[in-house]
Amino acid sequence: MGRTSGWLKKTKEETEEIFRFAEGYKRFLDGAKTEREAVSYIENRLTSSGFSTDHKGERIISINRGKSLMAFVKGEAEPSRGLRIIVAHLDAPRLDLKQNPLYEDIDLALLKTHYYGGIKKYQWVATPLALHGVVIKKDGRRVDVIVGEKEDDPVFAIDDLLPHLSRTTQEEKKLREAIEGEKLTLLFGSIPLLGAEKEGVKRAVLKLLSDKYGIEEGDFISAEIEVVPAFKARDVGIDRSMIGAYGQDDRACVYPLLEAICSIDRPSYPCLAIFTDKEEIGSEGTTGIQSAFLQVTLNEILEGMGIGAHESTLRRILFHSKAISADVNGPVNPDYQEVHEKYNACYLGFGICLSKYTGHGGKVGASDANAEFVGEIRHLFDREHIVWQTGEMGKIDIGGGGTVAKFLALHGMDIVDCGPPILSMHSPFEISSKLDIYETFRAYKAFFNF
Ligand code: MN
Ligand code: MN
C-alpha cells in the first residue's frame, strides 16, 4: 500500500479550488466559535440555500435549543428504504464560566472557570481569550455577549507563573498536575470603584456590566459564557497549505458537511445532516446525539410527507439507514511519531481519513463498522476520485478516542467514522490541511448522492 501526498494528485486548477474553499472555511471558523454561533451560521447558510422550517417542504431545517440542528433533503426513494445520514459535532473543548464566577482578590477582579472537554490545561494560560455566550436574565430576557473579537475589544487572560518561581510549584510536577483546574481563573479588571469600602474592583466591574449589558451578578447563574481563544483562523506554512484555528475538532467536518448538504438536489435517498452538541463530554444532555431530537425531527418530517410516523416505521427507517460519523482524527505528529503505528496511522495532507473503528485498547467503546459497508464507502470514494486514507488513532495501548458512531449504531444503521486529520487536536490552535478539508467536502457530497 503506497502512500502519496494528496497534493501530488491535484491539478493546478484543483489546487486553486482547494485554496478558494479554504477561504470560506476560515470565515466560518471566525464567525462560529461556539455551538450557538455555529447553529446561527448554519441556519443562515441553509436558509439562503432554500431550506426552511416548513415540514412539508423539500429542504427542511429543525433546530434544538439553539445548539443542535438537522437539515433534511427529500430523495427519490421513500424514507422507508433508509436515509443517508452524516453527523458532525458543533461543540469544542473550551473553558466555561462557573455559575458564581466573579470574585475579588488582591485588588483584582477574577472569573472562575470550569473547563469543558479534554483540554491540556497548560495550553490555556498566557494567551488572549474572548468571552462568547448568552445570559438569561431573571425576567427571561436574553443578552448575547461577544467580547474580545473586534480589533479594539479588550481580551481576557489567565496568568501563568513566572519561570523564576515555578520550579516546585509547577515544573517538578507531572504536566497534568502542574496547572490545576481551579487555577484557570480569568483576569477581568483592576480599577476599584471610588469610595467603595471593600471589593471595590468587583463593584466597579459589576457597574460596567450593568451599564453596558444590563447584567447583574446573579445573572451569571443562568448564563452560558464560553471562554475561547481570541485569535482568528490563519494560514499556516510558507506555502499556506494549512490552517491554524480554534475549534477545528469538529468544525473541520461541520463546514464541509454544511456545504455538502447545500450542494445536493433531489438525491436518490433522503439525506440528513445532523449538527450535534455535547460530543466532547459524552453526547449527553438535551442537545447531544443521545437525546430524542433525532426521533422527534424524523416524526415531524414523516408527518409532513403524509407518512404515518409510527414507532415501528421510524425504527425501520433508522435500521436501514447508512451513515458517516464525521469527526476528525489524529495524524502522525512529526515530533512524537512514536505514539503512532505508522502503517495504520493517517497523515496530514493525504486526504479524508476512513476509520473502521475508534475506541481504545482492544476496540473498547468502538462501533467497528461492518466490512461490507466499509467496502461500499471505499468503492464510492475511488469511483469519485476522492483523496482518502485509513487511520486509527495512535498505538493500541497508548490511548484512543470515541465518537458519536456508537450511539447511532444502536439504531442498527451502518455507520463509519470519516473525517480529516487534525494536528494539535483539542488545543487552542488546531492545524488542518486545506486539501483534507476540501476532500472531506467532496467525500460527504459523494455520500449524500450515493
Ligand atoms: Mn470530535
Ligand atoms: Mn474531540
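Restricting attention to segment 53-61, does a residue exist that is out of contact with any helix residue (DSSP H, G or I) (no Cβ under 9 Å at 6 or more places or on another chain), open to solvent by 50 Å² or more (accessible area, probe 1.4 Å) and not hydroxyl-bearing (Ser, Thr, Tyr)? Checked segment 53-61: at least one residue is out of contact with any helix residue (DSSP H, G or I) (no Cβ under 9 Å at 6 or more places or on another chain), open to solvent by 50 Å² or more (accessible area, probe 1.4 Å) and not hydroxyl-bearing (Ser, Thr, Tyr). When segment 93-141 is filtered for residues that are within 16 Å of ligand 2 (Cβ to nearest atom) and open to solvent by less than 30 Å² (accessible area, probe 1.4 Å), the ones remaining, listed by number, are Pro93, Arg94, Leu95, Tyr116, Gly117, Ile119, Trp124. Residues in segment 318-377 that are assigned to a strand (DSSP E or B), modelled with pLDDT under 95 and small (Gly, Ala, Ser): Gly359 only. Only residues that are free of Cβ contacts under 8 Å to residues at least 12 places away in the same chain and either in a helix (DSSP H, G or I) or among the acidic types (Asp, Glu) (or both) were counted in segment 41-63, giving 1. Counting only strands (runs of 3 or more DSSP E) that fall entirely inside segment 165-257 and contain at least 2 residues that are crowded, with 19+ Cβ neighbours inside 10 Å, the qualifying elements are 186-189, 223-229, 242-245. A single member of Glu224, Glu280, Glu303 is within 16 Å of ligand 1 (Cβ to nearest atom) and either modelled with pLDDT under 95 or in contact with a Gly (Cβ under 6 Å, 6 or more places away or on another chain) (or both), and it is Glu280. Name the pairs whose Cβ atoms lie under 8 Å apart, with the first residue in segment 110-133 and farther than 25 Å from Glu171 by Cα, the second open to solvent by 50 Å² or more (accessible area, probe 1.4 Å) and among the hydrophobic types (A, V, I, L, M, F, W, C), and 6 or more positions between them or separate chains? Listed by first residue and then by second, the contacts come to Ala130/Ile146; Ala130/Val155; Leu131/Ile146; His132/Ile146. Evaluation of Asn329 against the conditions (1) in contact with a Cys (Cβ under 7 Å, 6 or more places away or on another chain); (2) surrounded by fewer than 24 Cβ atoms within 10 Å (Cβ to Cβ) shows that the sole unmet condition is (2).
Looking at segment 75-89, is at least one residue closer than 30 Å to Gly214 by Cβ and within 16 Å of ligand 2 (Cβ to nearest atom)? No: segment 75-89 contains no residue that is closer than 30 Å to Gly214 by Cβ and within 16 Å of ligand 2 (Cβ to nearest atom). Residue check: Val155 meets all listed conditions (1) within 16 Å of ligand 2 (Cβ to nearest atom); (2) over 23 Å from Gly66 (Cβ atoms) but one, namely (1). Apart from one condition, Met393 fits all of (1) within 24 Å of Thr4 (Cβ to Cβ); (2) more than 15 Å from ligand 2 (Cβ to nearest atom); (3) at pLDDT below 95; (4) crowded, with 20+ Cβ neighbours inside 10 Å; the exception is (2). Within the bounds of segment 142-153, is there any residue that is open to solvent by 80 Å² or more (accessible area, probe 1.4 Å), farther than 16 Å from Leu97 by Cα and touching a helix residue (DSSP H, G or I) at 6+ places or on another chain (Cβ under 6 Å)? No: zero hits.
The values are calculated or read from the model by the stated rules, or taken from the named source; none is laboratory data. Keep in mind it's a predicted model, so treat the numbers as computed, not measured. So basically every Cβ, Gly included, is an ideal-geometry build from the backbone, and we count neighbours across all protein chains shown. Areas reflect the complete protein model, heavy atoms only, side chains present, ligands, DNA and RNA absent. Shrake-Rupley method; radii C 1.70, N 1.55, O 1.52, S 1.80 Å.
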